[in-house]
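Data first, discussion second: the structure below is written as C-alpha cells.
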C-alpha cells in the first residue's frame, strides 16, 4: 500500500490527532494502544476516511512488544511511516518512584521505540520515514519529572544518531510538540498554556509533508531551551531557586498515557 502509517499510543490525545490527520490524507493506519475500547472508538471515528488495523499491546512488557511487532509484520510489510508517540510520565520525587515505574517508563519511552525501529527498518522494504514524538523535556533537565526527561533525552539522541546511520535508507524526523492538553499533562498544577491535540497533530503532519526533519514550536517553551543551551549554570541555579514550586507542580500520580 502506497500510504500507510503505524502510530503507537493512538488511543487518545496527540496520537488520536495524528490518526485523524493521516486518515484524512488517505493513509491506511495501523493503530497501537493499551486500551482496546479507546482504539475501537477511534476506529469508528475514522470510518469516513479509513478502516484501521488495531493492535493492543503493553509496550512496557518486552515479550508483548515483540509479539506486537511479529503480528504487525505478519499482516503487512513495514508501514511507510512509523510514528513513535506512546509515552509514560510518572512525575514526582525520584526517590519515591517505585522500581516498576522506572522500568516501565524507560521500556515504553525508549526501549520499545528502539526495538520497533530496529525490527521495522531491518525489514524489506524499510519504512520511508520514522517520526519520534519528543518533548522539550528532552532538551533540558526537569526536576520532579526526571524519568520522562531522561527517557525522552535518550530517545532524542537515538533519533539523531539514526539520522546519520539510516541516511539514504529511512528518513528520521524529530517532532517537539508544545505542551499539549492530554491526560498525561492534566496533572500539571502550574497555569501553563496547553495546545489542543488536533491542531498540533495537523501542524506536525504538514511539516513532515514539507520535508522538515525537525519540527519545533516557537512558543514560551523555547525560552528554557535557549537559556539552558547558552547559560547552563545559570539555568541549574534557577531550577534550584524554584525547587518547591516544581515539586508542588509535579506530584506523583503514577504513570499516565
Please identify the pairs in which a residue from segment 54-79 that is at positive phi and surrounded by 15 or more Cβ atoms within 10 Å (Cβ to Cβ) has its Cβ atom under 9 Å from the Cβ atom of a residue that is part of a helix (DSSP H, G or I) and at pLDDT 95 or above, counting only partners at least 6 apart or on another chain.
none
Would you mind finding the one in 167, 175, 153, 159 that is surrounded by 16 or more Cβ atoms within 10 Å (Cβ to Cβ), under 19 Å from residue 117 (Cα atoms) and free of Cβ contacts under 8 Å to residues at least 24 places away in the same chain?
153
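On the given criteria, is residue 106 part of a helix (DSSP H, G or I) and either closer than 15 Å to residue 173 by Cα or more than 15 Å from the chain's Cα centre (by Cα) (or both)? Give the derivation first.
Working: part of a helix (DSSP H, G or I): yes; either closer than 15 Å to residue 173 by Cα or more than 15 Å from the chain's Cα centre (by Cα) (or both): no.
So residue 106 fails the test.
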Within segment 1-21, identify whether any single residue is modelled with pLDDT of 95 or more, within 23 Å of residue 181 (Cβ to Cβ) and over 20 Å from the mean Cα position of the chain (by Cα), and answer yes or no.
no
Residue 115 meets each of (1) part of a loop (DSSP other than H, G, I, E, B); (2) within 19 Å of residue 56 (Cα to Cα) with one exception, condition (1)
Against the condition over 20 Å from residue 21 (Cβ atoms), in contact with a strand residue (DSSP E or B) (Cβ under 9 Å, 6 or more places away or on another chain) and part of a helix (DSSP H, G or I), how does residue 158 come out, does it pass?
yes
Assess whether residue 25 counts as being surrounded by 18 or more Cβ atoms within 10 Å (Cβ to Cβ) and either in contact with a strand residue (DSSP E or B) (Cβ under 6 Å, 6 or more places away or on another chain) or in contact (Cβ under 8 Å) with a residue 40 or more places away in the chain (or both).
no
Assess whether residue 131 counts as being crowded, with 19+ Cβ neighbours inside 10 Å and under 30 Å from residue 238 (Cα atoms).
no
Residues satisfying the stated conditions in segment 116-125, i.e. over 15 Å from residue 75 (Cα atoms) and surrounded by fewer than 17 Cβ atoms within 10 Å (Cβ to Cβ)
118, 122
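The values are calculated or read from the model by the stated rules, or taken from the named source; none is laboratory data. Since this is a predicted model, take the numbers as computed values, not measurements. Backbone-built Cβ (ideal geometry, glycine too); neighbour counts: all protein chains shown.
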